[in-house]
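Q: Have a look at this one.
The values are calculated or read from the model by the stated rules, or taken from the named source; none is laboratory data. Not measured: the values here are computed from a predicted model. Cβ placement follows ideal geometry from the backbone for every residue including glycine, while neighbour counts extend to all protein chains displayed. Each accessible area value is taken on the protein alone, full model and side chains, heavy atoms only, with ligands, DNA and RNA left out. Shrake-Rupley method; radii C 1.70, N 1.55, O 1.52, S 1.80 Å.
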Amino acid sequence: MRKSRVIRLALLGTVGLVGLAGCDNNDPLAGHDVLRDQKECASRPDPDACRTALADARAQHVQTAPRFASREQCEAEFGVSNCGTPSQVLSGNDAFSSAAPAGDPNSPSAQPMQQQAQSSSGGIFMPMLMGYMMGRTLGGGLGAQPLYRDPSNTAYSGGRPLGQLSANRFPDAPKASPLAVSRGGFGRTGSALTSSAGS
């Protein structure tokens, strides 16, 4: 009886410490390795693997990011000058590195997405990438997750919100579109296309 009470007290103490640590650092990307663009791969131990991981992340973004029928609809949700076409995403022309060199065109996941982007009529828009969250895969290779955000500085990956970014670490959030103010309220994302549109 006494032993179980000690264990419970120890667990409660651990939960309290974890809770305090969470209060001190609310940035969902804190402690993660975040790259803004491919140029940062040059300083990595394996630049080629880094560029391939980023190309794969861009292809993943094209598959999972919200899609819109017009740039205006996308900017109403994700901010002025923060939206582009799938071709722009795949070429590495993200919001922070429009001059970034194209990724590895031989990347397995990039090829089908490039073909899809080229065959589309250009009537699909999505939020541009703010960067990539890097990490190791289960097989020990290098992997990356695409990151994008809205004017409230909320980070997203794979179509899901991750949380509010630190204004100290990520101060350059996109500006809200005037259209977003006039269309605010229930149903403002009703014009968004499903992720399967255009495929």
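Q: For Asp33, state whether it is open to solvent by 50 Å² or more (accessible area, probe 1.4 Å), of a type in the set (D, E, K, R), modelled with pLDDT under 95 and under 17 Å from the mean Cα position of the chain (by Cα).
A: For Asp33, the condition - open to solvent by 50 Å² or more (accessible area, probe 1.4 Å), of a type in the set (D, E, K, R), modelled with pLDDT under 95 and under 17 Å from the mean Cα position of the chain (by Cα) - is met.
Q: Now, a different point. Could you tell me whether any residue of the range 78-85 is in a helix (DSSP H, G or I) and at pLDDT 95 or above?
A: Checked the range 78-85: at least one residue is in a helix (DSSP H, G or I) and at pLDDT 95 or above.
Q: Only residues in the range 49-77 that are over 19 Å from Tyr156 (Cα atoms) count as the first member; pair them with residues that are open to solvent by less than 30 Å² (accessible area, probe 1.4 Å) and in a helix (DSSP H, G or I), Cβ under 7 angstrom, at least 6 apart or cross-chain, and list the lot.
A: Cβ pairs passing all conditions: Cys50/Cys41; Arg51/Gln38; Arg51/Cys41.
Q: Please go through the range 125-152 and pick out each residue that is open to solvent by 10 Å² or more (accessible area, probe 1.4 Å), more than 22 Å from Ser70 (Cα to Cα) and not basic (Lys, Arg).
A: Met133, Met134, Gly135, Thr137, Leu138, Gly139, Gly140, Gly141, Leu142, Gly143, Ala144, Gln145
Q: On the basis of being over 17 Å from the mean Cα position of the chain (by Cα), modelled with pLDDT under 50, over 26 Å from Cys41 (Cα atoms) and part of a loop (DSSP other than H, G, I, E, B), does Gly122 make the cut?
A: No; evaluated as a whole, the condition is false for this residue.
Q: While we're looking at this one, here's another question. On the given criteria, is Phe96 modelled with pLDDT of 95 or more and within 25 Å of Leu162 (Cα to Cα)?
A: Taking the combined requirement at face value, the residue does not satisfy it.
Q: What do you reckon, is Arg8 modelled with pLDDT of 95 or more and either among the basic types (Lys, Arg) or within 15 Å of Leu142 (Cα to Cα) (or both)?
A: Against the criterion (modelled with pLDDT of 95 or more and either among the basic types (Lys, Arg) or within 15 Å of Leu142 (Cα to Cα) (or both)), Arg8 does not qualify.
Q: Since Gly184 meets every condition but one in (1) at pLDDT below 50; (2) open to solvent by less than 40 Å² (accessible area, probe 1.4 Å); (3) small (Gly, Ala, Ser), which condition does it not meet?
A: (2)
Q: Could you list, in sequence order, the residues of the range 153-169 that are open to solvent by 40 Å² or more (accessible area, probe 1.4 Å), in contact with a strand residue (DSSP E or B) (Cβ under 7 Å, 6 or more places away or on another chain) and farther than 17 Å from Leu35 by Cα?
A: Those that are open to solvent by 40 Å² or more (accessible area, probe 1.4 Å), in contact with a strand residue (DSSP E or B) (Cβ under 7 Å, 6 or more places away or on another chain) and farther than 17 Å from Leu35 by Cα: Pro161, Gln164.
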